[in-house]
Amino acid sequence: MSTYLLVHGAWHSGECWERVVPLLAAAGHRVYAPSLTGHGEKARLLGPDVGLDTHVADVVGLIRDEDLTDVVLVGHSYAGLVVTAAANEVPDRIGHLVYLDAMVPEHGETAADVQPATRELIAGALASGSGWRVPPLPELPPPYGLFGVTEAADVAWLRGLLSDQPVRTLQQPVRLDDPAVRAIPRTHIHCVANVPEGIVRRPVPATEPVWELPTGHDCMITMPAELTALLLRLGRPGRDPLGTAAVRP
């Protein structure tokens, strides 16, 4: 039995994983998909003081409270920052880091450093009436949709999950200064269909496997079975399990 900890991206909540969680559980694994502070069932805690450090504490606190070890820690999108910093706090408890179409930071970097398009969101929040709220990205015309989700029913459901993101989460730097983190295996899963203009993806070191899914950004909604199949095969990262993922040459 493995332990999967699935961390959602900006604006989302833990509910976005509801199509993946039962598939992993049915395979006999333990699965956690918490909502970060300010989102989902924790939406009442949303405020200007919520930052990246808050979300890192959410993840580290869960790992310690549940006494989790050998965790497959999955970070989607913005949560690439969260899982990196969380692994830095408890590297001995992490068995594998998975960057799911995610930001991949180095020590001292913020979201704006990793994904320059974020700078416009930060500037907009600081200039807004609240001074700190970053509203969810809007739905784009086909084929982009809402975070890559295009089916009308799914778009409506996803829209109901989204909430504002505190700007502090995009401004605080990642702490990645424990050498033990570098020994944790990493796998990257890229969603390669209909990537919006302006989104950049950093080169991945040759030693780290890269899988691709032919879908939009929120693959846990659009391709849950295929994503689950990849997560279940982390012990064999050199394979193309279902013909839906490609390992980089």
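Summary of computed values
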item: Cα Rg over Rh - the stretch 1-129, Kirkwood; result: 0.97
item: Neighbourhood net charge (9 Å Cβ-Cβ; Lys/Arg +1, Asp/Glu -1) for Pro136; result: 0
item: Sum of side-chain charges, Pro173 neighbourhood, beta-carbon under 12 Å (Lys, Arg +1; Asp, Glu -1); result: -3
item: Pairs of Cα atoms farther than 15 Å apart, the stretch 127-190, %; result: 70
item: Kirkwood-Stokes translational diffusion coefficient of the chain, alpha-carbon pairs, 20 °C, 1.002 mPa s, µm²/s; result: 119
item: Separation between Cα centres of the stretch 169-208 and the stretch 1-24, rounded to whole Å; result: 18
item: Cα gyration tensor shape for the stretch 75-182, rounded if a/c is under 1.5, else prolate or oblate; result: oblate
item: Kyte-Doolittle at least -0.5, axis length at least 18 Å by Cα - qualifying DSSP helices, the chain; result: 52-65
item: Inter-label distance, nm, simple model (7 Å from Cα along the C-beta direction), Ala127/Asp177; result: 3.5
item: For the chain, built as a Gaussian network whose Cα springs stay under 10 Å, the top-fluctuating residue of His29, His217, His96; result: His29
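FYI, it's all coordinate maths here, none of it is from the lab. Worth saying up front: this structure is predicted, and the values here are computed from it rather than measured. Note that each Cβ is placed from the backbone with ideal geometry, even for glycine, and that neighbours are counted across all protein chains shown.
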